[in-house]
Amino acid sequence: MGDDELMDLKNRIEMERQLLNELAENYGINDPRTLMKSKELDIVLNEYNELIKKEKPTA
């Protein structure tokens, strides 16, 4: 995975966070739309973390 792909994921994470914050402000944290966006963000964050683990060898 190259730096461009990691940057794309970081940008996607930031976009998802902004959308999540907007949903939470507009509908509350327990609204199904907010909860769904939170799950989507979790998936992207997990994907990012897995890629970071693969990039950094363990000693």
For this session: Give the number of residues within the stretch 20-33 that are open to solvent by 40 Å² or more (accessible area, probe 1.4 Å), over 21 Å from Asn46 (Cβ atoms) and not in a helix (DSSP H, G or I).
Result: 1
Exercise. Would a scan of the stretch 44-58 turn up a residue that is at pLDDT below 95, part of a helix (DSSP H, G or I), among the hydrophobic types (A, V, I, L, M, F, W, C) and surrounded by 10 or more Cβ atoms within 10 Å (Cβ to Cβ)?
Worked result: yes
Problem set entry | Condition check for Arg17: under 9 Å from the mean Cα position of the chain (by Cα) and assigned to a helix (DSSP H, G or I) | yes
Seminar exercise, completed: From the option list Met36, Met1, single residue qualifying as at pLDDT below 95 and surrounded by 10 or more Cβ atoms within 10 Å (Cβ to Cβ) is Met1
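The values are calculated or read from the model by the stated rules, or taken from the named source; none is laboratory data. Keep in mind that what you see is a predicted model, and the values were worked out from it rather than measured. Neighbour counts run over all protein chains shown; Cβ positions are idealised from the backbone, glycine included. Quick note on the areas: whole protein, heavy atoms, side chains included, nothing else; ligands and nucleic acids left out. Shrake-Rupley method; radii C 1.70, N 1.55, O 1.52, S 1.80 Å.
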